[in-house]
1. Would you check which residues across the range 358-392 are more than 25 Å from Ala151 (Cβ to Cβ), in contact with a strand residue (DSSP E or B) (Cβ under 8 Å, 6 or more places away or on another chain) and surrounded by fewer than 20 Cβ atoms within 10 Å (Cβ to Cβ) and list them?
2. Suppose we filter Ala394, Ala332 for residues that are of a type outside the set (Val, Ile, Thr), closer than 27 Å to Ala116 by Cβ and away from the ligand (no atom under 16 Å from the Cβ); which single one remains?
3. Could you count how many residues in the range 274-312 are part of a loop (DSSP other than H, G, I, E, B) and either closer than 15 Å to Gln153 by Cα or in contact (Cβ under 8 Å) with a residue 12 or more places away in the chain (or both)?
4. Only one of Thr63, Thr31 is away from the ligand (no atom under 16 Å from the Cβ) and β-branched (Val, Ile, Thr); which?
5. Filtering the range 174-185 down to residues that are within 17 Å of Asp250 (Cβ to Cβ) and surrounded by fewer than 23 Cβ atoms within 10 Å (Cβ to Cβ), which residue is farthest from the ligand (Cβ to nearest atom)?
6. Of all residues in the range 44-60, which are away from the ligand (no atom under 13 Å from the Cβ) and either surrounded by 18 or more Cβ atoms within 10 Å (Cβ to Cβ) or basic (Lys, Arg) (or both)?
7. Working carefully through the options Val257, Val237, find the one that is of a type in the set (A, V, I, L, M, F, W, C) and in a strand (DSSP E or B).
8. Output the residues belonging to the range 207-234 that are in a strand (DSSP E or B) and closer than 30 Å to Val164 by Cβ.
Amino acid sequence: MSSPRTRPLGVAVIGAGMAGRAHLAGYRAATTLSGGPYGEGLPPVRLVAVADAHAPFAHAAATRYGYDRAETSWQAVAEADDVDAVSVVVANRLHREVVEGLLAAGKHVLCEKPLAPSVADAEAMVAAAAAHPDQVAAVGFTYRRSPAVAAVQAHLAGGHLGAVQHVNLHYWCDYGADPQAPMSWRYRGAPGSGVLADVGSHLVDLGEFLAGPLASVHGTVMSRVHARRPVPLGAVVGHALAAVGDEFEDVGNEDLVTFTARFEGGATGTFSASRVAHGLPNGLGFEVFCEKGAVAFDLNRTGEFTIADHSAPGGLNGYRQVLVGPAHPYVAGGLPMDFPSVGHGQSDFFTFQCRAFLDEVAGGVGTPLGDLPVVPPLAHGLHNLRVLDAVASAWEGTLW
Ligand SMILES: NC(=O)c1ccc[n+]([C@@H]2O[C@H](COP(=O)([O-])OP(=O)(O)OC[C@H]3O[C@@H](n4cnc5c(N)ncnc54)[C@H](O)[C@@H]3O)[C@@H](O)[C@H]2O)c1
């Protein structure tokens, strides 16, 4: 592999499903982020390849997002001399094999969450990354890249609201609410590999991003609402509905999970995640209650957060809305119209993440080119999995 400094940084994405497309689009836009926290900018970037085992997805995505080549195996990407940095966006059970193969081939890697299906797999991936210390090996937790979430985190870290006392986080989705939603990799596996791994991984990451490391988890309850699902007749993308036949397959993992936790700093955490929450396609939100006030965020309203900080007198005190703008992280130079209250959404979080990853690839491991925080290393994904493992282990009941 030749040096990224002597030719454009070559980028590839493995997996052209729901999140793979967000990475593909994210790299396209990543080069347009300019000025402000984005520093001196990226070296030239070339969108080289998209690989998906389902050839029509690979070809359609390459055309749609303007990548040079469509491939049908991750090995083709690993072997390509013109690829430097790769996103791994396939089913969790495939992460280890693909990440290890890419690292061995000299690529920088950004792997989707949850890092792996098991702690043992994640440990092996961290060991593989340690054997290649000059390559970036990162795990993607996109919600850290929400301007509002990052602004809330900075405000909490600044101590303006005093010590955090209670963090309540929920991620309520409806992708499994319809019993006819097709069987997919998300519904296979043991208890703990369902909604806990899928979206609970985000909640654990966000909780620790906002309130620091977790010390313990307690009181897990997991439930499975739909015990079997129809097998799709063709390829399925993400959470999408698809044509199904008469054949059914048993669901192995949970639709719902709730648990409580204690943070090292003393705060209490309450968490709940669901994939059967009618009416909420993507219902992520949190409230953080502190010594001197509170702050809240709802993903359905990405361009704002609310805060209660007793800055108004007695009868006028209460939550007030803060509209996100260039005074907040990621916005200045990060959006084409970087003015207050100009909307942005979840796809932009992927752009910010892709940009941070490429900055680190260009600048060296652990070194952002601009002011963006680097993408967390694989060890962070391992830590996240250990927490998820403890949550699942704290449940001794059955799923129904
Ligand atoms: N950060 C986020 O917000 C977010 C959102 C969704 C999914 N994810 C994560 O992204 C990953 C993928 O999820 P998804 O919803 O995009 O899944 P998906 O099922 O929509 O897409 C997976 C794709 O991988 C392809 N594939 C299967 N085997 C392959 C192989 N051996 N080589 C190459 N391609 C192969 C499939 O054909 C499919 O197109 C998961 O780890 C998931 O947890 C993250």
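Quick note: the coordinates plus some simple rules give every number you see, no bench work behind them. Computed from a predicted structure; not experimentally measured. Cβ: placed from backbone, ideal geometry, glycine included. Neighbour counts: every protein chain shown.
1. Just the residues of the range 358-392 that are more than 25 Å from Ala151 (Cβ to Cβ), to begin with: 361-362, 364-365, 378-379, 382, 385-386, 388-392.
Next, from what is left, pick out any that are in contact with a strand residue (DSSP E or B) (Cβ under 8 Å, 6 or more places away or on another chain): 361-362, 378, 390-392.
Across the range 358-392, the qualifying residue is only Ala390.
2. Values: Ala332 fails: closer than 27 Å to Ala116 by Cβ.
None of the others qualify; the one that does is Ala394.
3. The initial filter retains those residues of the range 274-312 that are part of a loop (DSSP other than H, G, I, E, B), namely 275-282, 291-292, 302-303, 309-312.
Restricting the remaining residues to those that are either closer than 15 Å to Gln153 by Cα or in contact (Cβ under 8 Å) with a residue 12 or more places away in the chain (or both) gives 275-282, 291-292, 302-303, 309-310.
Counting residues in the range 274-312 that are part of a loop (DSSP other than H, G, I, E, B) and either closer than 15 Å to Gln153 by Cα or in contact (Cβ under 8 Å) with a residue 12 or more places away in the chain (or both) gives 14.
4. Values: Thr63 fails: away from the ligand (no atom under 16 Å from the Cβ).
The unique qualifying residue is Thr31.
5. Of the residues in the range 174-185, the ones within 17 Å of Asp250 (Cβ to Cβ) are 176, 179-185.
If we keep only those that are surrounded by fewer than 23 Cβ atoms within 10 Å (Cβ to Cβ) too, we end up with 179-180, 182-185.
On the way: Pro179: 19, Gln180: 18, Pro182: 11, Met183: 12, Ser184: 6, Trp185: 6 Å.
Once the filter is applied, the top-ranked residue is Pro179.
6. First, the residues of the range 44-60 that are away from the ligand (no atom under 13 Å from the Cβ): 44-48.
Residues satisfying the conditions are Val45, Arg46, Leu47, Val48.
7. Working: Val237 fails: in a strand (DSSP E or B).
Exactly one residue qualifies, and that residue is Val257.
8. Of all residues in the range 207-234, those in a strand (DSSP E or B) come to 214-223, 228-232.
Correct list: Leu214, Ala215, Ser216, Val217, His218, Gly219, Thr220, Val221, Met222, Ser223.
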